[in-house]
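The values are calculated or read from the model by the stated rules, or taken from the named source; none is laboratory data. Not measured: the values here are computed from a predicted model. Counting neighbours? That spans all protein chains shown, and the Cβs are built from the backbone with ideal geometry, glycine included. The accessibility values were calculated without ligands, DNA or RNA, using every heavy atom of the protein model including side chains. Shrake-Rupley method; radii C 1.70, N 1.55, O 1.52, S 1.80 Å.
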Amino acid sequence: MIAAPDAARIKARRPERLRHPWLFEGEVESLPAGAVDGEAIRVLDHRGRFFATAYVNRASKIRLRVISWRDEAIDAGFWQRR
């Protein structure tokens, strides 16, 4: 499966890291070319399946910070539910 152009893709993760909310630069296979720091983007696993929604930070070793494990819109309703 080919990653969507607006989604990040991660490498296969060790079992103990599967649900850790931080994705370090060495775990990220690719980021969308137009991704802006602070933007929430979809993250696909190494098989091309939805993994999480995360904030991007290209300047940090922690490249992606998970904000949701569900494939949902990050909008005002999301933050109200939180």
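Select from segment 25-57 the residues that are touching a strand residue (DSSP E or B) at 6+ places or on another chain (Cβ under 6 Å) and among the aromatic types (Phe, Trp, Tyr) and list them in ascending order.
PHE51, TYR55
Give segment 38-70 a look and list any residue that's open to solvent by less than 80 Å² (accessible area, probe 1.4 Å) and part of a loop (DSSP other than H, G, I, E, B), or say none.
Those that are open to solvent by less than 80 Å² (accessible area, probe 1.4 Å) and part of a loop (DSSP other than H, G, I, E, B): GLY38, GLU39, ASP45, HIS46, GLY48, ASN57, SER60.
Restricting attention to segment 13-22, does a residue exist that is without any contact (Cβ under 8 Å) to a residue 40 or more places away in the chain, open to solvent by 70 Å² or more (accessible area, probe 1.4 Å) and under 12 Å from the mean Cα position of the chain (by Cα)?
No, that holds for no residue.
Identify the single condition in (1) out of contact with any Asp or Glu (no Cβ under 7 Å at 6 or more places or on another chain); (2) assigned to a loop (DSSP other than H, G, I, E, B) that ARG13 does not satisfy, given that it satisfies every other one.
(1)
Go through (1) outside any strand (DSSP E or B); (2) surrounded by fewer than 16 Cβ atoms within 10 Å (Cβ to Cβ) and name the single condition PRO32 misses.
Of the numbered conditions (1) outside any strand (DSSP E or B); (2) surrounded by fewer than 16 Cβ atoms within 10 Å (Cβ to Cβ), the odd one out for PRO32 is (2).
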